[in-house]
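**Q** Mind having a look at this structure? Questions to follow.
Just so it is clear, none of the values below were taken in a lab; they were calculated from the coordinates. If you're wondering where the values come from, they're calculated on a predicted model, not measured in any experiment. Neighbour counts run over all protein chains shown; Cβ positions are idealised from the backbone, glycine included.
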Amino acid sequence: MENHEMIDQYNIRGEKLGVIDKADAHKLGLLHKSIHVWLINKKNEILLQYRCKDKLLYPNTWDCSFAGHVGAGETSIEAVVREGKEEIGIDVDLEKLEYLMTLKENIKYKNINSNEYVDIFLLRQDFDIKKVKFQIEEVSDAKYFSKKEFFELIKSDKVLPHKLEYIILEELLKD
């Protein structure tokens, strides 16, 4: 049975147009919302997840700590809490969550045209890597990286191409 994930569609002005199936949004390049969360611990290390081999978009690639689509009728904060729990098993401390900005991102990969408004968050929360509970259809590994290791990964193209976010993170992670 096919899984239908329903999401809100937006126009170029950020106004909600209605509800659509995520698969249709990706096939047709329709604007929708997602969240990216970058978790940084007290050692100033970044938690990255490794996308599983069965992901349609960039399988076997490092990505932000956790991410996902904002469901139909859901707020971005609700999506952060839900995705954190689903993907890596973290209880997000909302007092340590900082909204950074919204970027418009368009990623084309094979037959997917992901055209999104991405709400980007920084989460300065310690999370024991041994307590990670992977959502097996999404994540196959997670690891903390130092700033230096993280930017080496980016140069080697082993991380999903969120280029504008990397510029922001470099500024935020200044020693």
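**Q** Quick check: net charge around LYS96, other residues with Cβ under 12 Å of its Cβ, Lys/Arg +1 and Asp/Glu -1?
**A** Residues near LYS96 contribute -3 overall.
**Q** By how many nm would the segment from GLU149 to LEU103 lengthen if fully extended, with 0.36 nm per residue of separation less the alpha-carbon distance?
**A** Going from the current span to full extension adds 14.1 nm.
**Q** Can you list which of the GluC sites (Glu not before Pro) found in region 115-175 are DSSP loop residues with at most 14 other C-beta atoms within 10 Å?
**A** GLU137
**Q** Mind checking which of ASN41, ASN111, ASN60 has the largest fluctuation in a GNM of the chain, springs on alpha carbons under 10 Å?
**A** Sorting by GNM fluctuation, first place goes to ASN111.
**Q** If r is the Cβ-Cβ distance from ILE77 to TYR166 and R0 is 25 Å, what FRET efficiency results, to the nearest 0.05?
**A** The calculated FRET efficiency here is 0.60.
**Q** Can you tell me which of TYR50, TYR58, TYR99 moves the most in a GNM of the chain? Springs connect C-alpha atoms under 10 Å apart.
**A** Per the Cα network of the chain with a 10 Å cutoff, TYR99 tops the list.
**Q** Also, I was wondering about something else. Label-point separation (nm) for GLU137 and ARG13, each offset 7 Å from Cα along Cα-to-Cβ?
**A** So the two model labels end up 3.7 nm from each other.
**Q** Identify the trypsin sites (Lys or Arg not before Pro) of region 39-86 meeting these criteria: DSSP loop state and at most 14 other C-beta atoms within 10 Å of the C-beta.
**A** LYS42, LYS43, LYS53
**Q** For the pair LYS53/LYS158, report the inter-label distance in nm, with labels modelled 7 Å from Cα in the Cβ direction.
**A** Output for this residue pair reads 1.8 nm.
**Q** Something else: Below 8 Å, C-alpha to C-alpha, sequence gap of six or more: please give me the relative contact order for the chain in percent.
**A** The normalised contact order for the chain reaches 26 percent.
**Q** Another question, if that's okay. In which sequence would CYS64, CYS52 go, from the one with the fewest C-beta neighbours within 10 Å to the one with the most?
**A** CYS52, CYS64
**Q** Could you give the dipole magnitude of the chain about its Cα centre, charging the beta-carbon of Lys and Arg +1 and that of Asp and Glu -1, in debye to the nearest 20?
**A** With Lys and Arg at +1 and Asp and Glu at -1, about 480 debye.
**Q** At most 13 other Cβ atoms within 10 Å and a DSSP loop assignment: could you name the GluC sites (Glu not before Pro) in region 1-47 that fit?
**A** Filter output for region 1-47: GLU2, GLU5, GLU15.
**Q** Normalising by the residue count of region 104-175, find the relative contact order in percent from Cα pairs under 8 Å and 6+ residues apart.
**A** It rounds to 15 percent for region 104-175.
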